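Right, one structure below, let's go through it.
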Amino acid sequence: MGARTKIITDPLSDNNPITIQVLGICSALAITVQVENAFVMACALTFVLTSSNVIISLLRKQIPGRIRMIVEISIIASLVVLVDQTLRAFFFELSRQLSIFVALIITNCIVMGRAEAFATQNPPGPSLLDGLGNSIGYSVIILLVATGREILGSGTWYGIRVLPEAYMGNGLAVLAPGAFLILGVIIWIQRTVTNNFKDD
Amino acid sequence: MHYISLAVETIFINNIVLAYFLGMCSFLACSKKVETSFGLGLAVICVLTLTVPFNWFIETYFLRDGALAWTGIAALSNLDLTFLNLICFIAVIASTVQLVEMVLDRFFPRLYTSLGIFLPLITVNCSILGGSLFMVERHYDLAESAVFGFSAGFGFALAIVSLSAVRKKIRYSQIPPGLQGLGMTMILTGLMSMAFMCFAGIDL
């Protein structure tokens, strides 16, 4: 496998940002009541993470080491403002449902973590791939959690009814504990399947 | 009475970690030992209590629609700078963390050394920025935001200290290999969050 392909495929399972690196858990849990919200969040994060990785990597020789955190966070914050304002202008109902969690992409550790760990040391090309790979790894997990929560919680998937009308809907899956339990089980399955037993 | 009710609601019913999932990263990463989690909890209380009221000032007197009317300049009086609030809030948080760090270093060196790396990392803890954003979304006034900031921090401290105590208890339990570490912590948090849901409905 080429080095470039590896940058993309590595975060999908072996080094998944959520289940292995334990980054960006907050949003993974908070916006996964419905698949639709999770999908929008995944798109927003993909945009922010990929562009911040590219921008920071382009500027990596210009940013002075001592103040690099502040520079990085202002780049990320500006990108997030862009996404937030766009959502508010064109998808108002969705942005109201996502509430403060779009804004919280700023403090999503995946973005900062990839900027620090990868973009500051690599040229823009690989940084772009790294951003994409990590966003896809993140998106897959949040879509899985959302699928579990929406099907168990309301018997639908992306608003389409998949379980018979008689299914009452399990309230627990919609509430906070359901999110923790479902993500715990997904982590369990993922680590058992890939044989990646990291004790953290 | 209104303030007590707000505090109880923020600490127990709408706990910032267990009901809103904010600050999960440090919640999971720093809950291995009771001592560190206690220190982190204290630092979060300090920073939240300072930043939420401070951001309230900035929001009310500079950023909100028409907030600059007090300057008396006609051109500024209907300016809406709300879109700047994310950047301003994060700047305030970063400088408050720096300030708390310097004060602790000068006056409480023991606490400062025990907190170590966690103090600067609070800047990117989502519960801090989340606290300020909730303050804007729920239209709190100054006193309410001070109470909200303190009790949100207290809720975080309570949750992280209890989780670390539970994790200490299960250290020698037999857990299936794939579930060890993060997986088990997730399920424990789920159970704790279920327990905290029992507080729902308390109304003072």
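The values are calculated or read from the model by the stated rules, or taken from the named source; none is laboratory data. Quick caveat, the model's predicted, so the values are computed rather than measured. Methodologically, a virtual Cβ is constructed for each residue, glycine included, from the backbone with ideal geometry; neighbour enumeration extends over all protein chains shown. What goes into the accessible areas is simple: the full protein's heavy atoms, side chains included, and nothing from ligands, DNA or RNA. Shrake-Rupley method; radii C 1.70, N 1.55, O 1.52, S 1.80 Å.
The table below lists the values:
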| read-out | value |
| --- | --- |
| B:Leu182, A:Leu129, reordered so the largest accessible area comes first (probe 1.4 Å) | A:Leu129, B:Leu182 |
| Residue-averaged 222 nm ellipticity for chain A, from DSSP H runs of 4+ at -39500 (n - 2.57), nearest 500 | -20500 deg cm²/dmol |
| Local net charge near B:Ile4, Cβ-Cβ under 15 Å (Lys/Arg +1, Asp/Glu -1) | -3 |
| Built amide H within the under 5 Å cut-off of B:Leu79, gap 5+ | B:Gly66, B:Leu68 |
| Whole-Å semi-axes of chain A's equivalent ellipsoid (Cα gyration tensor) | 31, 21, 13 |
| Per-residue [θ]222 nm for chain B (sum of -39500 (n - 2.57) over DSSP H runs n ≥ 4, rounded to 500) | -20500 deg cm²/dmol |
| Accessible area of A:Trp157 in the full protein assembly, 1.4 Å probe (Å², nearest 10) | 100 |
| Vicinal HN-Hα couplings computed from phi for the range B:23-37 (Karplus, 6.51 cos²θ - 1.76 cosθ + 1.60; Hz; Gly/Pro x) | x, 4, 4, 6, 4, 7, 6, 9, 9, 7, 10, 5, 4, 5, 5 |
| With 5 Å bins from 0: P(r) over the range B:149-203, alpha-carbon pairs, percent | 4, 16, 22, 24, 16, 9, 6, 3, 0 |
| 1.4 Å probe, heavy atoms, protein only - residues of the range B:178-204 losing at least 40 Å² accessible area vs chain alone | B:Gly178, B:Leu179, B:Leu182, B:Met186, B:Ile187, B:Met194, B:Met197 |
| Straight-distance crosslink candidates among lysines, where the alpha carbon sits under 26 Å from A:Lys6 and sequence neighbours closer than 8 are dropped | A:Lys61, A:Lys198 |
| If the convex hull is drawn through the Cα atoms of the range A:99-188, its volume per residue in Å³ | 127 |
| Size-normalised alpha-carbon gyration radius of the range B:14-110, reference 2.2 N^0.38 Å | 1.40 |
| Solvent exposure ordering (accessible area, 1.4 Å, most first) of A:Cys109, A:Cys43 | A:Cys43, A:Cys109 |
| Whole-number Å³ per residue for the convex hull built on Cα positions in the protein assembly as shown | 171 |
| Where only alpha carbons of chain B are counted, the Rg and the Dmax (Å) | 18.8, 70 |
| For the range A:58-155, convex hull of alpha carbons as volume per residue, Å³ | 115 |
| A:Glu165 accessible area, assembled protein chains, probe 1.4 Å, Å² | 140 |
| In Å², nearest 10: area of B:Asp105 left accessible to a 1.4 Å probe | 80 |
| From phi via Karplus (6.51, -1.76, 1.60), per-residue ³J(HN,Hα) for the range B:91-106 in Hz, x at Gly/Pro | 5, 4, 5, 4, 6, 5, 4, 4, 5, 4, 4, 5, 4, 4, 4, 7 |
| Degrees, to the nearest 10: A:124-154 long Cα axis against longest axis of chain A | 10 |
| Tail weight of P(r) past 15 Å, computed on alpha-carbon pairs of the range A:67-123, percent | 53 |
| Built amide H within the under 5 Å cut-off of A:Trp157, gap 5+ | A:Val162 |
| Calculated from backbone phi, Karplus (6.51, -1.76, 1.60) coupling profile of the range A:55-64 in Hz, x at Gly/Pro | 4, 5, 5, 5, 8, 4, 7, 8, 6, x |
